Amino acid sequence: MEKLDPVIEESWKEVLKDEFSQSYFHDLKSFLVQEKAKYRIFPPGNLIFNAFNLTPFGKVKVVILGQDPYHGINQAHGLCFSVQESVPKPPSLINIFKELETDCGIPSPSHGNLAKWALQGVLLINATLTVRENQAGSHQNHGWEKFTDKAISELSLQRKGIVFVLWGNFAIAKRSLIDESKHLILTAAHPSPLSAHRGFFGCRHFSQINTFLNKNGIQEIDWRIE
């Protein structure tokens with residue numbers, strides 16, 4: 001885990017290269033080394049930058065922003081809201097699939113691995129990229145947010161026509177990082193069972209994303225997961 005920077009995809013490494021030499025990132029690496037010595041940390045080190053590795057900078061069409069990785073065994077694999085095939089779908093993901101079925105008529109898949117979305121240009125990024133086992137939010141405010149804010153800001157600055165999907169107050173607060181004259185921002189309540197009925201269900205974001213992409217001559221996302 002000491003060598004965090006080399007495992008990130010090359011186009012992202014170029015965009016974010018200045019971050020790796022900053023003091024906050026060195027402090028973050030030291031913090032993670034200390035954490036790993038005492039606790040189980042998720043996701044595994046080789047999957048911390050999975051969202052970046054599966055969705056290169058120039059291929060991002062959509063950004064879905066989460067807050068924190070899942071903190072149970074074998075759940076987190078570096079893509080927000082996503083879990084590995086062998087792991088039961090968490091409640092928020094179940095609700096995402098419910099909305100997808102209502103919106104696009106796509107039945108809920110048998111598993112919750114969203115890598116197929118990532119490979120099509122959906123950047124599934126958490127604001128904080130690591131977490132201590134069974135302790136939600138345990139790695140917040142140690143530098144990850146500065147790093148992921150930079151990634152969002154650079155997408156806004158250097159790219160055009162990206163759909164930024166912000167579910168819940170935490171994600172919506174990132175709106176200030178995005179140039180709304182160049183990009184589409186979609187907001188709704190978080191898909192958690194605690195809030196999904198307050199505006200996530202019925203938001204129809206999946207069809208709105210594809211309508212926007214199609215209107216701008218960009219290939220739509222195939223939301224089906226086999």
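So the values come out like this:
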{"item": "Contact order normalised by residue count of the stretch 61-113, Cα under 8 Å, 6+ apart, percent", "result": "28"}
{"item": "Neighbour-limited loop hits for trypsin sites (Lys or Arg not before Pro), the stretch 83-171 (at most 12 other Cβ within 10 Å; DSSP other than H, G, I, E, B)", "result": "Lys160"}
{"item": "Violating pairs (Cα-Cα greater than 20 angstrom) within the set Lys29/Lys150; Lys13/Lys36; Lys13/Lys146", "result": "Lys13/Lys36"}
{"item": "Acute angle (nearest 10 degrees) that the helix 144-158 long axis makes with the longest principal axis of the chain, alpha-carbon atoms", "result": "50"}
{"item": "Unit charges at the beta carbon, dipole of the chain: most positive-side option, Asn141, Ile73, Asn216", "result": "Asn216"}
{"item": "Accessible area of the stretch 118-175 divided out per residue, in Å², using a probe of 1.4 angstrom", "result": "37"}
{"item": "Hydrodynamic radius (Kirkwood) for the stretch 124-186, which is based on Cα pairs only, to one decimal in Å", "result": "12.6"}
{"item": "Cleavage-rule hits, trypsin sites (Lys or Arg not before Pro), the stretch 12-64, DSSP coil, Cβ neighbours within 10 Å at most 15", "result": "Arg40"}
{"item": "Modelled label reach - Ile172, point 7 Å along Cα→Cβ, the stretch 77-92 residues with backbone N closer than 20 Å", "result": "81, 92"}
{"item": "Antiparallel DSSP beta bridges within the chain, percent to nearest 5", "result": "20"}
{"item": "Helix-only CD estimate at 222 nm, as mean residue ellipticity for the chain, using -39500 (n - 2.57) per DSSP H run (n ≥ 4)", "result": "-10000 deg cm²/dmol"}
{"item": "Gyration tensor (alpha-carbon) shape descriptor, the chain, a/c threshold 1.5", "result": "oblate"}
{"item": "Carbon/sulfur fraction of accessible area - the stretch 1-151, other protein chains in place, 1.4 Å, %", "result": "49"}
{"item": "Electrostatic dipole magnitude of the chain [Cβ: Lys, Arg +1; Asp, Glu -1; Cα centre; debye, to 20]", "result": "200"}
{"item": "Shape call, the stretch 10-101: gyration tensor on alpha carbons, a/c limit 1.5", "result": "oblate"}
{"item": "The stretch 72-226, relative contact order in percent, only Cα pairs under 8 angstrom and at least six apart counted", "result": "25"}
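The values are calculated or read from the model by the stated rules, or taken from the named source; none is laboratory data. Note that this is a predicted model, so its numbers are computed, not measured. With ideal geometry, Cβ positions are generated from the backbone for all residues, glycine too; neighbour counts draw on all protein chains shown. Each accessible area value is taken on the protein alone, full model and side chains, heavy atoms only, with ligands, DNA and RNA left out. Shrake-Rupley method; radii C 1.70, N 1.55, O 1.52, S 1.80 Å.
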